[in-house]
Amino acid sequence: MAASPEIPFGLMQQKKDAAVGTDFAEFLAWLAKATGLPIKAKPAATYEELDRIVASGEALLAWVPPIVFLRLDRIGAATPLVTHTRAAGVTYESVLIVNTASSIRALDSLRGTRAAWVDPWSAAGYVLPRLKLATLGMDPRETFKEERFAGSHDAAVKAVLDGSADVAGTYARRDAD
């Protein structure tokens, strides 16, 4: 009897040196065991690529971020099966970060700085911080002298740490304190 074909599971590539991190590899192994189905990771390098592989059917299952899900839902290419809550809550937080050595301590100090964003499709690392700035009367296109996409949350944070960016957008988790 022939083995069942592997079911591709779309997800964002975890790190440049490993397509799937240990936690996600363990999740996929658990899912395969729980369902009795052969599941394999189909990593995408960008949110746009993840959207494409799910919309085209190259991935039959996927773990997608909010903006990608909204688009897939709008075109009828995805049905939510499960959701996940972070840190025992249902909030979603985005932050602008600066280096602790930076003189930036208020939003007004962002004028003329260099911003590192995650990806144009990243809710926490691009869309939400820019929307918030706009609601506060700060047009990001005019506020920053330079904006660039780092490709991942880790890379955006590293850009602030190595000084190639003054500020970065990313997600946040806060504890009760």
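Brief remarks follow.
- The fraction of accessible area contributed by carbon and sulfur in the chain is 54 percent, rounded to a whole number (1.4 Å probe; ligands and nucleic acids excluded).
- The string of couplings for the range 138-147 from the Karplus curve (6.51, -1.76, 1.60, θ = phi - 60°) is 10, 6, x, 5, 9, 5, 8, 7, 8, 10 Hz, one whole number per residue in order, with x for Gly and Pro.
- Most fluctuating residue given options Arg52, Arg105, Arg71, as computed from a GNM of the chain linking Cα atoms under 10 Å: Arg105
- The heavy atoms of Thr100 present about 120 square angstrom of accessible area, all protein chains included, probe 1.4 Å.
- Highest average first, the peptides 120-132, 152-164, 57-69 ordered by how many other beta carbon atoms sit within 10 Å of their residues are 120-132, 57-69, 152-164.
- Accessible area per residue for the range 31-177, computed on protein heavy atoms with a 1.4 Å probe, is 60 Å².
- Glu146 exposes around 80 Å² of accessible area when a 1.4 Å probe is run over every protein chain in place.
The values are calculated or read from the model by the stated rules, or taken from the named source; none is laboratory data. No experiment lies behind these values; they were computed from the predicted model shown. Note that each Cβ is placed from the backbone with ideal geometry, even for glycine, and that neighbours are counted across all protein chains shown. Just the protein is used for accessible areas: all its heavy atoms, side chains included, with ligands, DNA and RNA removed. Shrake-Rupley method; radii C 1.70, N 1.55, O 1.52, S 1.80 Å.
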